[in-house]
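The values are calculated or read from the model by the stated rules, or taken from the named source; none is laboratory data. A quick note: this is a predicted structure, and the numbers were derived from the prediction, not measured. Here the Cβ is made from the backbone with ideal geometry for all residues, glycine too, and neighbour counts use every protein chain on show.
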Amino acid sequence: MSSEQPAPNGARSPISVDADVDDPLPAAGRVGAKVVREKCSVKDLSSVYRKPIAKVAVASAVVVLAGAVGLTQLTSSAPTQTSTGHSQAKLGVAGPVVARSDTGPSAAIPKSSVVFNVLNYGADATGTKDSTAAIASAIRAAEASPGSEVYFPAGTFLLDQPSPKMFDFVISSPINIVGAGVGLTKIVNKVGMKTPGVYLSTVMFEIVPGPLGKPGGGDGSTISGLTLDAATYDAGTAIMDFANHTILTNLSVLAAKSTNIYNPNVFGVRVIAICNPYNLTTVYRIDNVVNNVTIVGQGAAGNTELDLSCQVGSSVSNVKIVGNGLDIFYCNNDSFTNINLTGGDNGSTQYITWALTGSSNITMSNIVTNGQGGVIEPDPLVVSSNISINSETMQNLTGFLKVGDSSRVAITNSQIAGLAFVPAVSVSDVAVSTSTVGRIFCKPGMAMLGFVGVACP
């Protein structure tokens, strides 16, 4: 998807993955050129996060459309994952309550007993002058009372301090950022690329963990009830979440344009850790939630709209992305439910809608793709395993769901236009059941073991 540069507070070496290895698509339908991604290590996380993996029996009633390979109909067991619940401790804080509206999506977040209204700190809701300093003052005041709320009433708030700078607002204590609702409260970042020649844009909200990634810092923070506009001026990433136990919910994100050269390292929303896939010390984040979020990006420019890296026990649900899709890097025991993915505004069917690299125990359910059907990246060094894809519907009938180096992949109750096996080395233990598959492609000479319900031509 996009090319990432090392984050400012941690270094990791980018790793090249050729997205077009033995790509069965014609040139007009290819995903694109070589992709450079930052990755993070999952190694064996069983000692730090234990979750039972359930197995359910599935019947291999696979329907193959015209032109596809005949499939062997057998009974198989497909690994799936029980979803992990989100638990977040809310800190009770005594103090005065500033009046706010309880209507709109922000009401979904439990009210705090201390509320800091940004208007009381000089923020302008008319959208005519800069509110950066006022909002920062409200956040600093809230951080002195962990568990409190920074409230944005209905209106438009501009961020217009001089560029370049790295972050607009850094959240280093557990607080709740709450707006009046999507479309009612809008924060527009005018920093970044509004000045020609400036190639460093900002992150609007950064949530940081404790020192060296340990618990603490902004762990437990929430952001809800806002429209975040970074696209108007290509102003950077809307949210950079490095913390644990966070909730990002009821949000609309207008994402900025980004390429390797223009406005680099810009995403829509990132829920990540800084880590290295070949470092023996695993750095990860636990129990983050992204729910009821719409991200409208500019996928044709190459940026990724939602990036999850090094997450354990996190969940993404009820998310709609228009742009260059969803990235899942070196994650474990995470779930993705009710996801609608549409490619970018320029040749949408050419773009990957989701990409998964070096991850284990991943459950994907009720996925709709308009573009490519997604890809399990070919990475023989850290092979993806225990991947459950249930009820994926590919609306682009010329696209492919690509399966790279992996083991124990279950595809159930899905409508797959094309299924392409393109590992660098091997794919094993794939079970396809109660699904329609339009056509099948297998990389010549690939190693394959334990296929059930699907076979290479």
Between a first residue in segment 204-231 that is in contact (Cβ under 8 Å) with a residue 24 or more places away in the chain and on the phi > 0 side of the Ramachandran plot and a second residue that is aliphatic (A, V, I, L, M) and part of a strand (DSSP E or B), which pairs have beta carbons less than 7 Å apart while being 6 or more apart in sequence or on different chains? 225/178
Candidates 423, 378, 444, 457, filtered to the one that is under 21 Å from residue 309 (Cα atoms) and either modelled with pLDDT of 95 or more or part of a loop (DSSP other than H, G, I, E, B) (or both): 378
Is it the case, given these coordinates, that residue 145 is modelled with pLDDT of 50 or more, farther than 30 Å from residue 413 by Cα, among the polar types (S, T, N, Q) and assigned to a loop (DSSP other than H, G, I, E, B)? yes
Within the bounds of segment 345-367, is there any residue that is part of a strand (DSSP E or B) and more than 23 Å from residue 287 (Cα to Cα)? no
Restricting to segment 403-418, count the residues that are in a strand (DSSP E or B) and either within 13 Å of residue 437 (Cβ to Cβ) or in contact (Cβ under 8 Å) with a residue 40 or more places away in the chain (or both). 7
Six or more apart or on different chains, Cβ under 8 Å: which pairs go from a residue in segment 446-457 that's farther than 14 Å from residue 405 by Cβ and β-branched (Val, Ile, Thr) to one that's part of a strand (DSSP E or B) and modelled with pLDDT under 95? Could you list them? 452/76
Matching entry among 396, 390 (being under 22 Å from the mean Cα position of the chain (by Cα) and either surrounded by fewer than 20 Cβ atoms within 10 Å (Cβ to Cβ) or at pLDDT 95 or above (or both)): 390
Among the numbered conditions (1) modelled with pLDDT of 95 or more; (2) of a type outside the set (D, E, K, R); (3) closer than 13 Å to residue 186 by Cα, tell me where residue 121 comes up short. (3)
Restricting segment 149-179 to residues that are under 19 Å from residue 122 (Cα atoms) and part of a loop (DSSP other than H, G, I, E, B), the one modelled with the lowest pLDDT turns out to be 162
Looking at segment 361-401, which of its residues are on the phi > 0 side of the Ramachandran plot and in contact with a helix residue (DSSP H, G or I) (Cβ under 8 Å, 6 or more places away or on another chain)? 371
Restricting segment 314-333 to residues that are of a type outside the set (S, T, N, Q) and surrounded by fewer than 24 Cβ atoms within 10 Å (Cβ to Cβ), the residue that is farthest from residue 242 (Cα to Cα): 322
Just checking, does segment 262-270 include any residue being closer than 22 Å to residue 343 by Cβ, at pLDDT 90 or above, not small (Gly, Ala, Ser) and not in a loop (DSSP other than H, G, I, E, B)? yes
In this structure, is residue 433 touching a strand residue (DSSP E or B) at 6+ places or on another chain (Cβ under 8 Å), of a type outside the set (A, V, I, L, M) and more than 26 Å from residue 305 (Cβ to Cβ)? yes
Taking segment 112-130 as the search range and keeping residues that are in contact (Cβ under 8 Å) with a residue 24 or more places away in the chain and polar (S, T, N, Q), which one is nearest to residue 152 (Cα to Cα)? 117
Odd one out for residue 113 among (1) modelled with pLDDT of 95 or more; (2) more than 27 Å from residue 264 (Cα to Cα): (1)
Residue under question is residue 452, and the condition is that it be at pLDDT 95 or above, farther than 22 Å from residue 361 by Cβ and not acidic (Asp, Glu); does it hold? no
Which of the residues belonging to segment 138-152 are touching a strand residue (DSSP E or B) at 6+ places or on another chain (Cβ under 9 Å) and surrounded by fewer than 18 Cβ atoms within 10 Å (Cβ to Cβ)? 141
Scan segment 316-333 and give yes if some residue there is in a strand (DSSP E or B), among the polar types (S, T, N, Q), at pLDDT 90 or above and under 17 Å from residue 248 (Cα atoms), otherwise no. yes
Filtering segment 159-183 down to residues that are surrounded by 20 or more Cβ atoms within 10 Å (Cβ to Cβ) and over 26 Å from the mean Cα position of the chain (by Cα) yields 163
Would you point out which residue out of 227, 259 is surrounded by fewer than 24 Cβ atoms within 10 Å (Cβ to Cβ), part of a strand (DSSP E or B) and not acidic (Asp, Glu)? 227
